[in-house]
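J.: One structure coming up, written as structure tokens, with questions to follow.
The values are calculated or read from the model by the stated rules, or taken from the named source; none is laboratory data. Small disclaimer: the values here were computed from a predicted structure and weren't measured. With ideal geometry, Cβ positions are generated from the backbone for all residues, glycine too; neighbour counts draw on all protein chains shown.
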Amino acid sequence: MIFVCPICNKSLSLTNENRSAICENGHCFDFAKEGYLYLLPPNKKHSKSPGDDKQMVAARRRFLEAGYYGLFSSALNRLAEKYLSGLKNPVVLDAGCGEGYYTGRLFRFLSEHSLNPEAYGFDISKTAVRLAAKKYREISFAVASTFGIPVLSGSADLVTDVFAPIVPSELNRVLRPGGVMILAVPGKRHLYGLKQILYDEPYENETRETEYPGFRFQERVPVEGKLCTEDPGVMRDLFAMTPYFWKTPKGGCERLEKAGKLETEIRFDFLIYRKAAEA
């Protein structure tokens, strides 16, 4: 296990017939019935129930499992296989894993391609992690914050981050020297058709190459497609899983409800970085 005590950062060992994890200082954490650990200290919580709520998590699961973003998951899987080539039993960590869609598919893909990964995921949303742990039993999940990742330093061969908050220093710390970080960010015109419905003046997403201390940029891999649907439920689910859900004026929400069809470009840019080897 690469998870550590969020209080003292000491390694965790299984105890109580594998129903709990304990550190050498006696801090003990019970596994939930779904199989995840709650490793979010009170001082790391910014609200009573941080992260995506039940409605947003349910919308994301319905939308993703319907396959609309399957091309992005497949691209992530291929990139992971490429950068993990030659490694046996790589340790993979999904930062901001949500309900586990990308984590689960990545684990399955790498397993089917004989890499035999040891996979972990964490998210600040307890609701999301509960769903992830319940469905993907082969993966170790925890409720935790990316601003203080309770993971052993230098333990991961690959860290993935799909549209989740990025704390470069923490992601760098948990990677081994030479380890790889794959970030998924929205492309310039990702969901532009949705924004044409929501806003009087739709805008393109900002794109830029970003250098992070301790990392060497490897490549940008764009993956794009089209999303077309006349299903109002699909349109509502897509809207609910985006940041636009919280900042769209009432008029835009009403236009979406009345829209009979959604046609939009979809594009993820995968940014790949390698952790600089220690001198």
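Let's see how each residue does on (1) in a helix (DSSP H, G or I); (2) on the phi < 0 side of the Ramachandran plot; (3) surrounded by 17 or more Cβ atoms within 10 Å (Cβ to Cβ):
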site: Asn9; (1), (2), (3): no, no, no
site: Leu14; (1), (2), (3): no, yes, no
site: Asn25; (1), (2), (3): no, yes, no
site: Phe29; (1), (2), (3): no, yes, yes
site: Lys33; (1), (2), (3): no, yes, no
site: Pro50; (1), (2), (3): no, yes, no
site: Ala58; (1), (2), (3): yes, yes, yes
site: Leu76; (1), (2), (3): yes, yes, yes
site: Ala80; (1), (2), (3): yes, yes, yes
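J.: Among the residues of the stretch 253-279, count how many are modelled with pLDDT of 90 or more, more than 14 Å from Lys188 (Cβ to Cβ) and not hydrophobic (A, V, I, L, M, F, W, C).
T.: Residues that pass the stated criteria total 9.
J.: Pairs only if they're at least six apart or on different chains, beta carbon under 9 angstrom, first in the stretch 64-85 and farther than 16 Å from Cys97 by Cα, second buried (at least 19 other Cβ atoms within 10 Å of the Cβ) and of a type in the set (Asp, Glu); list them, first residue then second.
T.: Final answer for the pair search is Ala66/Asp237; Tyr83/Asp157; Leu84/Asp157.
J.: Let me ask something else about it. Give me the pairs, please: first residue somewhere in the stretch 186-208 and farther than 19 Å from Ile166 by Cα and touching a residue at least 24 places away in the same chain (Cβ under 8 Å), second residue anywhere and of a type in the set (Phe, Trp, Tyr) and in a loop (DSSP other than H, G, I, E, B), beta-carbon distance under 8 Å, and either six or more positions apart or on two chains.
T.: Every condition considered, the pairs that remain are Lys195/Tyr203.
Per-residue answers, yes or no, for (1) surrounded by fewer than 24 Cβ atoms within 10 Å (Cβ to Cβ); (2) in contact (Cβ under 8 Å) with a residue 40 or more places away in the chain:
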| position | (1), (2) |
| --- | --- |
| Tyr120 | no, yes |
| Asp123 | no, yes |
| Ala128 | no, yes |
| Ala132 | no, yes |
| Lys135 | yes, no |
| Phe141 | no, yes |
| Gly154 | yes, no |
| Thr160 | no, yes |
| Phe163 | yes, yes |
